[in-house]
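> First the structure, then my questions, so here it is.
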Amino acid sequence: MMHVLVIGASKGIGREVVRQALDAGHRVRAMARSAESLQLSSDNLEKFAGDALNPDDIRSALKGVDVVVQALGIPLNLAMFTKPVTLFSEATRILVPELEAAGIRRLISVTGYGAGDSRDSINCLQRVPFNLLLANAYNDKSIQEEGIGKSGLDWTIVRPGVLTGQGKSGSYKVLAEEADWRNGVISRADVADFIVSQIDSAAMIGKKPVLIRFPL
């Protein structure tokens, strides 16, 4: 059993990671500004109200944990397209040195297909809508990935394709090699399934797998 901190635990992939990590028998500290609204209960669950951009909150949340899952998200609204996005890079800039200072090595961070060097593998038809709709967020995710990659941590960067709200299938592709990277769809529950499988595994340390169930 590991003690896992999930940052961004109130929604989406983060909430699914909390749920599935508890099912797998891990202790979970679920961190979000609205952590108390998380509709889950377990003797192994601690709800921690905190801000990923507050170094004091991060420092407190890291106490006693073995593994950190960073699963931040932003609302899909007009501001995402018209204003610079900085959440992902700023939160990572705070988190990495705090992890190093605390002696916690294992970080599993969710970005997305199209971040960092995976952007080069987007096909021509998908590149235009990607640049129109997601460029601001993914430019920041690319900076996030760069900060993680330069650290001395035992990191895994998880790059899901287009996310759906379907349940866990357990049947998806883990595209760990650059030559295989391509876009596709995958449920948040399947992404969480992969993340939980990596909590006590070293198989994907230093890798940036793309996760899809069906290709696009």
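The values are calculated or read from the model by the stated rules, or taken from the named source; none is laboratory data. None of the values given here were measured: they were computed from a predicted structure. In this analysis, Cβ positions are derived from the backbone assuming ideal geometry, glycine residues included, and neighbour counts consider all displayed protein chains.
> Only one of these conditions is not met by Glu46: (1) assigned to a strand (DSSP E or B); (2) under 23 Å from Ile186 (Cα atoms). Which number is it?
Glu46 satisfies every listed condition except (2).
> Would you be able to say whether some residue in region 52-71 is among the acidic types (Asp, Glu) and over 27 Å from Leu175 (Cα atoms)?
Yes - at least one qualifying residue is present in region 52-71.
> Run down Arg119, Arg159, Arg127 and say which single residue is surrounded by 21 or more Cβ atoms within 10 Å (Cβ to Cβ) and of a type in the set (Lys, Arg).
Arg159
> Which pairs turn up if I take residues in region 68-97 that are closer than 16 Å to Lys150 by Cα and at pLDDT 85 or above and look for partners that are part of a loop (DSSP other than H, G, I, E, B) and small (Gly, Ala, Ser) with beta carbon separation below 6 Å, at least 6 apart in sequence or on another chain?
Between residues of region 68-97 that are closer than 16 Å to Lys150 by Cα and at pLDDT 85 or above and residues that are part of a loop (DSSP other than H, G, I, E, B) and small (Gly, Ala, Ser), the close pairs are Ala91/Ala52; Val96/Ser151.
Residues are listed down the side, and each one gets a yes or a no for (1) in contact (Cβ under 8 Å) with a residue 12 or more places away in the chain; (2) over 22 Å from Asp66 (Cβ atoms); (3) of a type in the set (S, T, N, Q):
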| residue | (1), (2), (3) |
| --- | --- |
| Lys141 | yes, yes, no |
| Gly147 | yes, no, no |
| Val158 | yes, no, no |
| Leu163 | yes, yes, no |
| Glu177 | no, yes, no |
| Gly206 | yes, no, no |
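> Could you please let me know if Ser34 is within 21 Å of Asp154 (Cβ to Cβ), among the small types (Gly, Ala, Ser) and touching a Ser or Thr at 6+ places or on another chain (Cβ under 9 Å)?
no
> Filter region 58-77 down to residues that are surrounded by fewer than 19 Cβ atoms within 10 Å (Cβ to Cβ) and under 21 Å from Val96 (Cβ atoms), then give me how many there are.
7
> While we're looking at this one, here's another question. Please determine, by comparing only the residues of region 103-128 that are more than 20 Å from the chain's Cα centre (by Cα) and assigned to a helix (DSSP H, G or I), which one is modelled with the lowest pLDDT.
For region 103-128, the residue satisfying everything is Val128.
> Looking only at region 100-120, which residues are out of contact with any strand residue (DSSP E or B) (no Cβ under 6 Å at 6 or more places or on another chain) and within 11 Å of Val68 (Cβ to Cβ)?
Of everything in region 100-120, those that are out of contact with any strand residue (DSSP E or B) (no Cβ under 6 Å at 6 or more places or on another chain) and within 11 Å of Val68 (Cβ to Cβ) turn out to be Ala102, Ile104.
> Continuing with the same structure: Of all residues in region 162-206 being of a type in the set (Asp, Glu) and exposed (fewer than 15 other Cβ atoms within 10 Å of the Cβ), which is nearest to the chain's Cα centre (by Cα)?
Taking the candidates together, the pick is Asp200.
> For region 1-32, give me the residue count where each residue is assigned to a helix (DSSP H, G or I), surrounded by 24 or more Cβ atoms within 10 Å (Cβ to Cβ) and basic (Lys, Arg).
Total satisfying the criteria: 0.
> If you don't mind, there's one more thing I want to ask. Being aliphatic (A, V, I, L, M), outside any strand (DSSP E or B), modelled with pLDDT under 95 and closer than 24 Å to Arg188 by Cβ is the requirement here; does Leu132 meet it?
Yes; evaluated as a whole, the condition is true for this residue.
> Using the structure shown, decide if Ala35 is surrounded by 24 or more Cβ atoms within 10 Å (Cβ to Cβ) and either under 21 Å from Arg188 (Cα atoms) or under 17 Å from the mean Cα position of the chain (by Cα) (or both).
No: the conditions fail for Ala35.
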